[in-house]
Amino acid sequence: MTRRKAAFAITCLLLTAALCLLVARSVHLPGGLGEPEYIRELASRTGALNLVASIYLDGRLYDTIFELIVFSVAVLGVRFYLSERRPSHRPAPIPESHVVRASAEALFPFLLLLGIYLAAYGHLSPGGGFAGGTVAASGLMLCSIAIGADAVARRIHRPSLERLEWALPLTIISLAIVPVLLGRPPLAALFPPRGGGGIFSSGSILLYNLLIGIKVFIGSWVVVHGFIEHRGEI
Amino acid sequence: MSAAQSIIHVVVLVLIVAGGALAVWFKDLISAVLSLAAASLLVSLEFYLLQAPDVAIAEAGIGAALTTAIYVIAVRRTRRKEEE
């Protein structure tokens, strides 16, 4: 029986390989198309070297704001529906592995640093607030695996975390409205871009990336910790 | 696309499918989660090869790291072996 399954799997893989080969031979990636005019204009206006960041945090900032609202509503939904249920009876603690614990202790600061770097340099290199936030949150998940989610949660002040979680999207929306009060078009660059490729080169994109990074970091932790705490009731 | 590039693409794509198939195949759920993480990491590599480093970082951060951690926590708090 197992041999028949293995033969089936190998046949599937070979068919996939053949299909991939056919597709890969027919696809031609656009290599030398050049940049459209509006992208060059946007890059020079924002001063961001990463064109993707200059699009989703300047030209299409309202898209990003709504994306952030979707994320906030998801976190709110998880918290709302889980708050009606009691925290479940916890199973006996699993014996910890020294290797996992030691590697989590060693890796956590670096993952946090990598998350901050990705968020802070999102306008210069690939990355950005969403990626940086999830990388930092995955460091926290690693610690949850190593020493247990309850031990991690005890070190975090939960009420201030929840307040911060809602203050951040409000701050981002308010920041997007500020240019209107100054008589400029809404959602435009808050600070004038300085250019030159430094960390402060692209005006408000750095600020938005950092705020989004913190928001995603906190939101991911709140959702995962909520699920862990109410395990068995979901 | 040159021949070498095509070969790399095909190898990565086949490995992605193999990782997904192994995730279904394994009875040990931790192994299944890890093969899913490997598939996700290879998807991230494919994004990078297709010149989308932003998407690659997001995929590696969410698909390979965060999701795997959540699955590992979930598996550790339930049963490790799949029922026959």
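When you look at A:Leu164, is it modelled with pLDDT of 80 or more, surrounded by 12 or more Cβ atoms within 10 Å (Cβ to Cβ) and assigned to a helix (DSSP H, G or I), yes or no? Yes: the conditions hold for A:Leu164.
The helices (runs of 4 or more DSSP H) located wholly in chain B that include 1 or more residues which are farther than 22 Å from A:Ala137 by Cβ occupy B:3-25, B:29-49. Please verify whether region A:106-126 includes one or more residues that are over 15 Å from the mean Cα position of the chain (by Cα), among the aromatic types (Phe, Trp, Tyr) and closer than 20 Å to A:Glu165 by Cβ. So far as region A:106-126 goes, no, none of its residues is over 15 Å from the mean Cα position of the chain (by Cα), among the aromatic types (Phe, Trp, Tyr) and closer than 20 Å to A:Glu165 by Cβ.
Looking only at residues in region B:21-31 that are facing chain A (nearest Cβ under 10 Å) and surrounded by 16 or more Cβ atoms within 10 Å (Cβ to Cβ), which one is farthest from A:Thr11 (Cα to Cα)? For region B:21-31, the residue satisfying everything is B:Leu22. When A:Ile177, A:Ile145, A:Ile156, A:Ile172 are screened for being closer than 23 Å to B:Thr67 by Cα, part of a helix (DSSP H, G or I) and at pLDDT 80 or above, only A:Ile145 passes. Per the conditions (1) away from chain B (no Cβ under 11 Å); (2) of a type in the set (A, V, I, L, M, F, W, C); (3) within 22 Å of A:His225 (Cβ to Cβ), the sole criterion not satisfied by A:Ala106 is (3). Looking across region B:1-19, the residues that are at the interface with chain A (Cβ under 10 Å from one of its Cβ atoms), within 19 Å of A:Ala9 (Cβ to Cβ) and surrounded by 14 or more Cβ atoms within 10 Å (Cβ to Cβ) come down to B:Val10, B:Val12, B:Leu13, B:Val14, B:Leu15, B:Ile16, B:Val17, B:Ala18. Would you call B:Leu34 at the interface with chain A (Cβ under 9 Å from one of its Cβ atoms), surrounded by 18 or more Cβ atoms within 10 Å (Cβ to Cβ), farther than 18 Å from A:Gly127 by Cα and in contact (Cβ under 8 Å) with a residue 24 or more places away in the chain? For B:Leu34, the condition - at the interface with chain A (Cβ under 9 Å from one of its Cβ atoms), surrounded by 18 or more Cβ atoms within 10 Å (Cβ to Cβ), farther than 18 Å from A:Gly127 by Cα and in contact (Cβ under 8 Å) with a residue 24 or more places away in the chain - is not met.
The values are calculated or read from the model by the stated rules, or taken from the named source; none is laboratory data. As the structure is a prediction and not an experimental result, all values here were calculated from the model. Neighbour counts run over all protein chains shown; Cβ positions are idealised from the backbone, glycine included.
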